[in-house]
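> Questions regarding the structure given below will be posed in turn.
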C-alpha cells in the first residue's frame, strides 16, 4: 500500500515514483510526500475483509503510521514472486 499526501505539487504519483518508494521515515527525511505504508501477504488478504490505513501497526517491516489531518490518495500495487520454477 502506498500513501500519497496530496499537495499543490503532488496530485498523483510521479511517473518514476518506483525509484523513490521507501518507508515513511525515509520518505520524510528526503521530503518525499509518498511512502510504502504496508506490504500485505496473500494469507493476510484472504483472512481479512478490510485494511485500515494509518492504524499504527507494522506490516512486513513497514510502519502504517497514523495519518494527520490532510488530503491523501491511497494506491494498491501487487508484486508476484515466483519460486522454484523449472
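> Here is a list: 33, 66. Which entry is surrounded by 15 or more Cβ atoms within 10 Å (Cβ to Cβ), without any contact (Cβ under 8 Å) to a residue 40 or more places away in the chain and more than 12 Å from residue 1 (Cα to Cα)?
Values: 66 fails: surrounded by 15 or more Cβ atoms within 10 Å (Cβ to Cβ).
One residue alone meets the criteria, 33.
> Given the criteria out of contact with any strand residue (DSSP E or B) (no Cβ under 6 Å at 6 or more places or on another chain), under 18 Å from residue 9 (Cα atoms) and not in a strand (DSSP E or B), does residue 52 qualify?
Working: out of contact with any strand residue (DSSP E or B) (no Cβ under 6 Å at 6 or more places or on another chain): yes; under 18 Å from residue 9 (Cα atoms): no; not in a strand (DSSP E or B): yes.
When the stated conditions are applied, residue 52 does not pass them.
> Collect the residues in the range 46-59 that are surrounded by fewer than 16 Cβ atoms within 10 Å (Cβ to Cβ) and modelled with pLDDT of 90 or more, keeping them in residue-number order.
Those that are surrounded by fewer than 16 Cβ atoms within 10 Å (Cβ to Cβ) and modelled with pLDDT of 90 or more: 52, 53, 54, 55, 56, 57, 58.
> Is it true that residue 66 is part of a loop (DSSP other than H, G, I, E, B) and modelled with pLDDT under 90?
No: the conditions fail for residue 66.
> Kindly establish whether residue 36 is touching a helix residue (DSSP H, G or I) at 6+ places or on another chain (Cβ under 9 Å) and closer than 24 Å to residue 80 by Cα. Reasoning before the result, please.
Details: touching a helix residue (DSSP H, G or I) at 6+ places or on another chain (Cβ under 9 Å): yes; closer than 24 Å to residue 80 by Cα: yes.
So residue 36 fits the description; yes.
> Can you tell me which residues in the range 69-86 are loosely packed, with under 10 Cβ neighbours inside 10 Å, within 13 Å of residue 1 (Cα to Cα) and at pLDDT 85 or above?
The answer is 76, and nothing else.
> Let me ask another. Can you tell me which residue is modelled with the lowest pLDDT among those in the range 12-45 that are closer than 16 Å to residue 79 by Cα and in a helix (DSSP H, G or I)?
Of everything passing the filter in the range 12-45, 45 is modelled with the lowest pLDDT.
> Between residues in the range 1-30 that are free of Cβ contacts under 8 Å to residues at least 12 places away in the same chain and residues that are surrounded by 13 or more Cβ atoms within 10 Å (Cβ to Cβ) and assigned to a strand (DSSP E or B), which pairs lie under 7 Å by C-beta distance while being six or more apart or on different chains?
Every condition considered, the pairs that remain are 27/34; 27/35.
The values are calculated or read from the model by the stated rules, or taken from the named source; none is laboratory data. Since this is a predicted model, take the numbers as computed values, not measurements. Positions of Cβ are generated from backbone atoms using ideal geometry, with glycine treated the same way; all protein chains shown enter the neighbour counts.
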